[in-house]
Amino acid sequence: MRHSKLGRLTIAALATLSLATLTACGGDDAGDGGTTAGGGDKAGNIKVGFSQLGAESGWRTANTESVKANLTADKGFDLTFVDAQQKQENQIKALRDFIDQDVDVIAFSPVIETGWDEVLQDIKDAGIPLVLVDRTVDTTVADPYVTWIGADFTQEGRTAGEWVKKNFPDAKIFELQGTMGSGAQTNRQEGFREVIGDNVIGEASGNFTRAEGKAAVEGALAAYKDLDLIFAHNDDMGLGAIEALEAAGKKPGVDVKIVTVDGVRDGLQALKDGKFNYVVECNPAFGNQLADLIRSVKAGESVPKETIVIDEAFDQTITQEFIDARTF
């Protein structure tokens, strides 16, 4: 079977959100890490400040493109976009700038979970509704955000673990983790370890990047001579793992199995080519759903506290036609 469903929209989300076709296309740069989408402001448009955590992976780039493609002037938005370059201090500055700009809605993907208390309180005191995107926060501020939209990271980890347990129950696993302290890292690890944690013989962070993923696996190959499976928290780190394995004279997907999370085109191509063994999707193209949520928030309508984006999972029976039709 090519894939299996692992997530579903909540009933409340179905009542609130459009499930239109997901697309991804870029916006225009505006300097200083900021971007205004859609060719300028129109009277009456919803002013949105969006802070993206960075561009560390193909997934993040696709997510950014989807956001920009759907929060445009001709769709009723005046978007100010800021790339935080994976630095929390940059995000905090952007959020304060959004407050000063008196935007209608603030949205952001937090680089890590903690350290937001002061700025979240400031946003709340300013009376600006906040939408969390992709990742979550751990804060002492009461009701800091109106709604969150993203994937179920814990279930992604479980799905990966269940496949490994079924197909390679005796695997000696190296876990290639994402940015430490991020929701994606902590929850994917939690879900995976819940299923097959006793098989993990080593771990290290590749910070969700290909280069750091390669370096982490180079170290792992030296430290753990018997490792025969890598669980990478995203495709880019898995692609870095391929480079490290090939440089060491090992055949990825055969000598060392690779299981990843994301499902971007490069990752699925590695799966088709037999270098990845299983990929759990984390769908980045939910900009249209985010746009619908923001419209509802601005209108004062009731919205679900969280919306789980639909994800799938893929094995090596995936077809080239499916990969070529991928929008991210």
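The values are calculated or read from the model by the stated rules, or taken from the named source; none is laboratory data. Since the structure is predicted, the reported quantities are computational estimates derived from the model, not experimental observations. Positions of Cβ are generated from backbone atoms using ideal geometry, with glycine treated the same way; all protein chains shown enter the neighbour counts. Calculation scope for accessible area: heavy atoms of the full protein, side chains included, ligands and nucleic acids excluded. Shrake-Rupley method; radii C 1.70, N 1.55, O 1.52, S 1.80 Å.
Annotations
- Residue count, the stretch 145-181 (criterion: open to solvent by less than 40 Å² (accessible area, probe 1.4 Å), free of Cβ contacts under 8 Å to residues at least 60 places away in the same chain and in contact with a Leu (Cβ under 9 Å, 6 or more places away or on another chain)): 2
- Hey, GLN289 out of contact with any Lys or Arg (no Cβ under 7 Å at 6 or more places or on another chain), outside any loop (DSSP other than H, G, I, E, B) and open to solvent by 50 Å² or more (accessible area, probe 1.4 Å) or not: no
- Hey, ASP235 at pLDDT 95 or above, within 17 Å of VAL280 (Cα to Cα) and among the charged types (D, E, K, R) or not: yes
- Residues of the stretch 112-144 that turn out to be in contact with a helix residue (DSSP H, G or I) (Cβ under 8 Å, 6 or more places away or on another chain) and either among the hydroxyl-bearing types (Ser, Thr, Tyr) or open to solvent by less than 10 Å² (accessible area, probe 1.4 Å) (or both), as a count: 11
- Among (1) out of contact with any Cys (no Cβ under 7 Å at 6 or more places or on another chain); (2) among the aliphatic types (A, V, I, L, M); (3) modelled with pLDDT of 95 or more - the single one ILE310 does not satisfy: (3)
- Set side by side, the residues ALA204, ALA211 differ, and just one is in a strand (DSSP E or B), among the aliphatic types (A, V, I, L, M) and surrounded by fewer than 23 Cβ atoms within 10 Å (Cβ to Cβ), which is ALA204.
- Any chance ALA244 is open to solvent by less than 10 Å² (accessible area, probe 1.4 Å) and either among the polar types (S, T, N, Q) or in contact with a Leu (Cβ under 8 Å, 6 or more places away or on another chain) (or both): yes
- Residues of the stretch 313-328 classified as under 24 Å from GLU65 (Cα atoms), surrounded by 10 or more Cβ atoms within 10 Å (Cβ to Cβ) and not aromatic (Phe, Trp, Tyr), total: 6
- Meets criteria (under 21 Å from THR159 (Cβ atoms) and within 16 Å of the chain's Cα centre (by Cα)) for ASN199: no
- Annotation note: of PHE314, PHE276, PHE322, the sole residue that is touching a helix residue (DSSP H, G or I) at 6+ places or on another chain (Cβ under 9 Å) and assigned to a loop (DSSP other than H, G, I, E, B) is PHE276.
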